[in-house]
Amino acid sequence: MSGAVGREAVFPTRQSLGLMKSKLKGAETGHSLLKRKSEALTKRFREITRRIDEAKQKMGRVMQIAAFSLAEVSYAVGGDIGYQIQESAKQARFRVRAKQENVSGVLLPHFESYAEEGINDFGLTGLGKGGQQVQRSRETYARAVETLVELASLQTAFVILDEVIKVVNRRVNAIEHVIIPRTENTIKYIISELDELDREEFYRLKKVSNKKQRDTAAADAEIQAAREKAAQKTALKPVKEATDAPDVLGEQEDADVIF
Amino acid sequence: MEGLFFNVNSGYVEGIVRGYRNSLLTGQHYNNLTQCETIDDVKLQLAPAYGDFLAALPPNPSTSALAGKMTDKLVAEFRYVLAQATGSTARFLEYLTYGYMIDNIALLITGTLHERDTRELLERCHPLGWFETLPVLCVATNVEELYNSVLIETPLAGYFKGSLSHQDLDELNIEIVRNTLYKNYLEDFYQFVNTHPDFKGTPTQEVMSELLAFEADRRAINITLNSFGTELSKQERRKLYPEFGKLYPEGSLMLSRADDLESVSLAVSISADYKAFFDAVGLTQGSGFGGGSDGKSLEDMFYQKEMEMSKVVFTRQFTPAVVYAWMRLKEQEIRNVTWIAECIAQHQKERIGNFISVF
Amino acid sequence: MAASAVAYKDRQFLAVIGDEDSVTGLLLAGVGHVTDPPDSQRNFLVVDSKTETSTIEKAFQNFTQERKDIAIVLINQHVAERIRHSVDSFADPFPAVLEIPSKDHPYDPEKDSVLKRVRRLFGE
């Protein structure tokens, strides 16, 4: 895996090594944070899923009760009121408003039902007979619709959370499997390049020092030879000794000191 | 003496209806029905009474389809009876259909007001309220045209004239229109059975007056109860009360002034029957709408009473009132079966016994 | 998130696609709304056996895509079955599409597009 990830195009310098190291640190912190966020969201998500499951069951029941109350209406009215209801619908009495709820930085909408006061399209339905049943059925259905609205909130939260969790998980995975290995690779690369440079430098210096030593040795040998010659000459004419003594402060350079 | 020549013209009709009455479901049948597990079982149980009419239904039909087929049978039987009737009996039977016509016209008015294609509505009209010129009303594209067509084409013209103008159709709630028409219809019907020479002083007058008075009172009480908390003003409400019945005039006046349950129950206490209903469902204690101890609502009590009255009608002879009674009983039967089927279909069997059986 | 805040701020209605009983009941609860003339639009559609699938499809698209004032679309499950593809492929958070049971068709969790996603996510 990590081999395929490659590395970033940087010059292997100490500065970029520092950069990379801080980047790796940042990525790791980010990873653990995102991971925690994802876990929190998933927890929430599972809770919502469970509640959806429950609410769907509950919906089945309330809708059944509501449908039954409609059966009571048709029993009492003794006929079909469907068409009349459809035609007299004008203004929605039952409305919803959306609110936001913050879960780990994700804004989830929450529907809230409210009744628009003063709108009563069906007040006179069943005036002659069955009016009480119609009223009761309205209440039953209003309760049923509240359950439905609740379920709709959950479901919307579910869809949004699903999306967000996917995104977060993608990020977590990207950090875990791409960014971190890549940064590590880069660091490794920089370190190995720097080491290589070090080794090259060392070798070069070693070479230089060897050469210097050789040169020094040759020079020493020359001096030695010169001294011996001089010693012989001195023995022949001692008067000239003082002039031939080596001049330390003179033209002659010292050899570099190498460690 | 009034029965002496009755059978010459209407004996056959009465005989037929008495025969129909015998095919009504009894308590035993209902017991069997409540034991059913599926709609198919219900269908099977109904087979002796409804036979051919249910045969066309698909397996496990919806309850509305079932009710539709049962209504078809009622309609077919009623049409047969109507075809056999002559003279004043035929006139009487026509009166029975006017109630359904009012519903149909109300439907068409609703459709026209909302500029829907009223032709589609014809299917939704109650077949008993069908009259030949009903499709003509669909030609109307606005309320004024419709109003004129209604006046010209329908037997209901008299109920519109004088109490509703075409502007009213536009402005008033359709329920008010419907109830105004119904009030006029009831009054007219009442007038008819009390003044028509063929019915005056016969059992018909006696029986029908009682039944119609009950219907009028029921409507008055219901309208009052249902208008609480709506925009219907007391003056308008008062106009919807039929001007006869046991409660008229004192009770009606009190009803028109009532604005809570207690004043309603006070108003109806003139009649022992209605007072008993209110006591039974606990409305006098102000325990809320229709929540009696045994789960019976005021509406149920009224239906129960209506069924008992209808049953008693069959003890009378030489009167077309039996047709009225039979139709009410049959309608209740359809409602009962629909209710039972609904309970079975929705697995709500704990309240399946909430039907009304008088046989 | 600002964009989505705008997206649902004005959404306050519910829309219904269903059989006559379901629609009647929900209208009784007061969800029905008809916009002002001239182009009055209803927020509900009654579906029976004669209704064309394309009509349902169009209503669904109208409620979900075109109208911006609808927060929740309620659709009978057996009606959703008929336009299953559209329902399944609709994944936006707004409006929320909710499958509801009808009188004659009890609720079947197996068919619900959202519950199907739940199941798929958890690999059940």
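Quick one: how many residues across the stretch B:108-140 are of a type in the set (S, T, N, Q) and modelled with pLDDT of 80 or more? So the answer is 2. Of everything listed in (1) open to solvent by less than 20 Å² (accessible area, probe 1.4 Å); (2) under 36 Å from the mean Cα position of the chain (by Cα), the single unmet condition for residue A:125 is (2).
Let's see how each residue does on (1) within 33 Å of the chain's Cα centre (by Cα); (2) of a type in the set (Phe, Trp, Tyr); (3) over 30 Å from residue B:332 (Cα atoms):
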| position | (1), (2), (3) |
| --- | --- |
| A:67 | no, no, no |
| A:70 | no, no, no |
| A:131 | no, no, no |
| A:147 | no, no, yes |
| A:171 | yes, no, yes |
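A quick yes/no check of all residues on (1) under 30 Å from residue A:106 (Cα atoms); (2) within 14 Å of chain C (Cβ to nearest Cβ); (3) modelled with pLDDT of 85 or more:
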position	(1), (2), (3)
A:150	yes, yes, yes
A:167	yes, yes, yes
A:173	yes, no, yes
A:178	yes, no, yes
A:184	no, no, yes
A:226	no, no, yes
A:235	no, no, no
A:245	no, no, no
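Scoring residue B:268 on the criteria (1) at pLDDT below 80; (2) open to solvent by less than 10 Å² (accessible area, probe 1.4 Å); (3) of a type outside the set (Phe, Trp, Tyr) leaves a single failure, condition (1). Within the stretch A:206-233, residues that are farther than 16 Å from residue A:255 by Cα reach no partner that is surrounded by fewer than 11 Cβ atoms within 10 Å (Cβ to Cβ) and modelled with pLDDT of 90 or more with beta carbons closer than 8 Å at six or more positions or on different chains. Only a single criterion out of (1) over 30 Å from residue B:88 (Cβ atoms); (2) modelled with pLDDT of 80 or more; (3) open to solvent by 70 Å² or more (accessible area, probe 1.4 Å) is not satisfied by residue B:274, namely (3).
Conditions (1) modelled with pLDDT of 85 or more; (2) within 11 Å of chain A (Cβ to nearest Cβ); (3) closer than 27 Å to residue A:51 by Cβ, marked per residue:
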residue	(1), (2), (3)
C:39	no, no, no
C:44	yes, yes, no
C:80	yes, no, yes
C:84	yes, no, yes
C:96	no, yes, yes
C:106	no, yes, yes
C:109	no, yes, yes
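Taking first residues from the stretch B:142-154 that are in contact (Cβ under 8 Å) with a residue 40 or more places away in the chain and of a type in the set (S, T, N, Q) and partners that are part of a helix (DSSP H, G or I) and surrounded by 14 or more Cβ atoms within 10 Å (Cβ to Cβ), the Cβ contacts under 8 Å between residues at least 6 apart in sequence or on separate chains come to B:154/B:101; B:154/B:105; B:154/B:134; B:154/B:137. Pairs are defined by a Cβ separation below 7 Å, a sequence spacing of at least 6 or placement on different chains, a first member in the stretch A:41-52 that is farther than 9 Å from residue A:161 by Cα, and a second member that is among the aromatic types (Phe, Trp, Tyr); the pairs so defined are A:48/A:158; A:49/A:158; A:52/A:158.
For the stretch C:60-71, a residue qualifies if it is more than 14 Å from residue C:32 (Cβ to Cβ), within 14 Å of chain A (Cβ to nearest Cβ) and not charged (D, E, K, R), and the qualifying residues are C:64, C:71. Taking the stretch B:168-243 as the region of interest, the helices (runs of 4 or more DSSP H) fully inside it that hold 1 or more residues being open to solvent by 10 Å² or more (accessible area, probe 1.4 Å), at pLDDT 90 or above and more than 10 Å from chain A (Cβ to nearest Cβ) are B:174-195, B:203-227. For the subset of the stretch C:111-124 comprising residues that are within 8 Å of chain A (Cβ to nearest Cβ), assigned to a helix (DSSP H, G or I) and open to solvent by 20 Å² or more (accessible area, probe 1.4 Å), which member is nearest to residue A:65 (Cα to Cα)? Among those that are within 8 Å of chain A (Cβ to nearest Cβ), assigned to a helix (DSSP H, G or I) and open to solvent by 20 Å² or more (accessible area, probe 1.4 Å), it is C:117. Condition test on residue A:40, is it in contact with a strand residue (DSSP E or B) (Cβ under 7 Å, 6 or more places away or on another chain) and open to solvent by less than 50 Å² (accessible area, probe 1.4 Å)? Against the criterion (in contact with a strand residue (DSSP E or B) (Cβ under 7 Å, 6 or more places away or on another chain) and open to solvent by less than 50 Å² (accessible area, probe 1.4 Å)), residue A:40 does not qualify.
Which residues, counting only those in the stretch B:134-160, are among the β-branched types (Val, Ile, Thr) and either in contact with a strand residue (DSSP E or B) (Cβ under 6 Å, 6 or more places away or on another chain) or outside any helix (DSSP H, G or I) (or both)? B:139, B:141, B:154, listed by residue number. Among the criteria (1) open to solvent by 40 Å² or more (accessible area, probe 1.4 Å); (2) in a loop (DSSP other than H, G, I, E, B), the one residue B:164 does not fulfil is (1). Does residue C:14 satisfy the criteria of being in contact with a helix residue (DSSP H, G or I) (Cβ under 6 Å, 6 or more places away or on another chain), within 10 Å of chain A (Cβ to nearest Cβ) and at pLDDT 85 or above? It is false that residue C:14 is in contact with a helix residue (DSSP H, G or I) (Cβ under 6 Å, 6 or more places away or on another chain), within 10 Å of chain A (Cβ to nearest Cβ) and at pLDDT 85 or above. Residues in the stretch B:332-354 that are within 23 Å of residue B:308 (Cβ to Cβ), over 20 Å from the mean Cα position of the chain (by Cα) and facing chain A (nearest Cβ under 9 Å): B:351 alone. Screening residue A:12 against (1) in a loop (DSSP other than H, G, I, E, B); (2) without any contact (Cβ under 8 Å) to a residue 60 or more places away in the chain leaves a single unmet condition, (2). Taking the numbered list (1) away from every other protein chain (no Cβ under 12 Å); (2) at pLDDT 90 or above in turn, residue B:328 passes all entries but (1).
In the stretch B:104-123 there is no residue matching the filter, namely being in contact with an Asp or Glu (Cβ under 8 Å, 6 or more places away or on another chain) and within 27 Å of residue B:322 (Cα to Cα).
The single condition from (1) within 14 Å of chain A (Cβ to nearest Cβ); (2) over 23 Å from residue B:181 (Cα atoms); (3) of a type in the set (S, T, N, Q) that residue B:86 fails is (1).
Where helices (runs of 4 or more DSSP H) fall entirely within the stretch C:28-92, those with at least 3 residues that are open to solvent by 60 Å² or more (accessible area, probe 1.4 Å) are at C:53-61, C:84-89. Residues in the stretch A:65-109 that are open to solvent by less than 10 Å² (accessible area, probe 1.4 Å) and in a strand (DSSP E or B): A:96, A:106, A:108, A:109. Taking the stretch B:106-134 as the range and being over 15 Å from residue B:173 (Cβ atoms), aliphatic (A, V, I, L, M) and more than 8 Å from chain A (Cβ to nearest Cβ) as the test, the residues that pass are B:108, B:122, B:128, B:134.
Within the stretch B:75-92, being of a type in the set (A, V, I, L, M, F, W, C) and closer than 20 Å to residue B:333 by Cα holds for B:75, B:76, B:78, B:81. Has the stretch A:154-173 got at least one residue that is within 23 Å of residue A:62 (Cβ to Cβ), of a type in the set (Val, Ile, Thr) and not in a helix (DSSP H, G or I)? Within the stretch A:154-173, not a single residue is within 23 Å of residue A:62 (Cβ to Cβ), of a type in the set (Val, Ile, Thr) and not in a helix (DSSP H, G or I).
The values are calculated or read from the model by the stated rules, or taken from the named source; none is laboratory data. What you are looking at is a predicted structure, and each value in this text was computed from that prediction instead of being measured. Every residue, glycine among them, receives a Cβ derived from its backbone with ideal geometry; neighbour counts consider all protein chains shown. Just the protein is used for accessible areas: all its heavy atoms, side chains included, with ligands, DNA and RNA removed. Shrake-Rupley method; radii C 1.70, N 1.55, O 1.52, S 1.80 Å.
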